[in-house]
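Okay, structure first, notes after.
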Amino acid sequence: MGNQVEKLTHLNYKEVPTADPAGVDRDEGPRIGVSYIFSNDDDELEQQQESGHDLGGEHPALQPYDPQLHEVECSVYYRDECIYQKSRGHLSTYTPENLLNRCKPGDLVEFVCQAQYPHWVVYVGDFQVVHLHRLEVVNSFLTDASQGRRGRIANQLYRYKPLSPAAVVRNALEQVGCKDRDLSWRNSECFAAWCRYGKREFKIGGELRIGKQPYRLQIRLGDKRSHTLEFQSLEDLIMEKRRNDQIGRAAVIQELSSHLQAAEEEDEEEDEDHHHHPGARTQSTPCPFHPPGSKVC
């Protein structure tokens, strides 16, 4: 493809074919996954919303943020193993000044704000963090990196075995100054998680996108309802998870509701056709928020 590759962004769920290319799939119905290739969500965020504000400068006024209201509760599975979970018990946030009293070298910090992608940093001690910012790995003071956003220590979200604190700090500091085409991570979360866990799955192209999707993003919709999206790589799944955080819980639920309602209407039309053609294979209409191919937990 050379270097002239168009930037691909998120597509409407219904437009994305994600069935097994080999045609072998135990589950019936559409897969609903997205492949994010040559896309950088943090870079898009900063260009659109910071509008000239740089690290250490004046911070724009931010809207009141209620994580219980805006954040999407979800779990990530690799095959049958849960490798990430964000639930109500993980949603507490603190001011940057408060975080300074809580952080230890090697900790991951997630800064959150309404209508913005979460920004992840690695705390390396002496009030400083290392993070991927505007396509460059930089060393900043934690309060500057926060840009006025509240945050949380995010060590417990991923369930991989972490490296030693010294190794996490070393991984982060060794990458300071890395930028543009030399980067191996698509966003701040992938970079910070790689520093702490050392897994190649967090790197760009760390996994082949072929065959059946082994990763599942289970989105909790409330009232014991959930919906599952499937992906071929952890990198793609993280991009979708972060997009959900950026648009917010209400928008995610509305988006899924619109898609699933359309899927149900198509199923109803098919049932009517089968009714008028005896001998045709029939399929029951799925329950709300659970289209064919999705797994309910």
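Annotations for the structure displayed:
- Being under 20 Å from L237 (Cβ atoms), in contact with a Phe, Trp or Tyr (Cβ under 9 Å, 6 or more places away or on another chain), outside any loop (DSSP other than H, G, I, E, B) and charged (D, E, K, R) is a description that does not apply to R186.
- Pairs with Cβ under 8 Å, 6+ apart, first in the range 90-103 and farther than 20 Å from Q68 by Cβ, second part of a helix (DSSP H, G or I) and open to solvent by 20 Å² or more (accessible area, probe 1.4 Å): P96/T143; E97/T143; L100/T143
- For the range 188-204, the set of residues classified as in contact (Cβ under 8 Å) with a residue 12 or more places away in the chain and either open to solvent by 20 Å² or more (accessible area, probe 1.4 Å) or touching a Pro at 6+ places or on another chain (Cβ under 9 Å) (or both) consists of S188, E189, W194, R196, Y197, G198, K199, E201, K203, I204, listed by residue number.
- Scope the range 128-165; condition of a type in the set (V, I, T) and open to solvent by 10 Å² or more (accessible area, probe 1.4 Å); matching residues: V138, T143, I153
- Here G125 meets the list (1) open to solvent by 40 Å² or more (accessible area, probe 1.4 Å); (2) free of Cβ contacts under 8 Å to residues at least 60 places away in the same chain; (3) of a type outside the set (K, R) almost entirely, failing just condition (1).
- Filter result for N171 (at pLDDT 95 or above and surrounded by fewer than 17 Cβ atoms within 10 Å (Cβ to Cβ)): no
Here's the yes/no breakdown for (1) at pLDDT 95 or above; (2) within 21 Å of Y117 (Cα to Cα):
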{"residue": "R200", "(1), (2)": "yes, no"}
{"residue": "R220", "(1), (2)": "no, yes"}
{"residue": "Q232", "(1), (2)": "no, no"}
{"residue": "R242", "(1), (2)": "yes, yes"}
{"residue": "R249", "(1), (2)": "no, yes"}
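The values are calculated or read from the model by the stated rules, or taken from the named source; none is laboratory data. For clarity, every value in this text was computed on a predicted model and none was experimentally measured. Using ideal geometry, Cβ is built from the backbone for each residue, glycine included, and neighbour counts are taken over all protein chains shown. Ligands, DNA and RNA are excluded from the accessible area calculation, which covers all protein heavy atoms including side chains. Shrake-Rupley method; radii C 1.70, N 1.55, O 1.52, S 1.80 Å.
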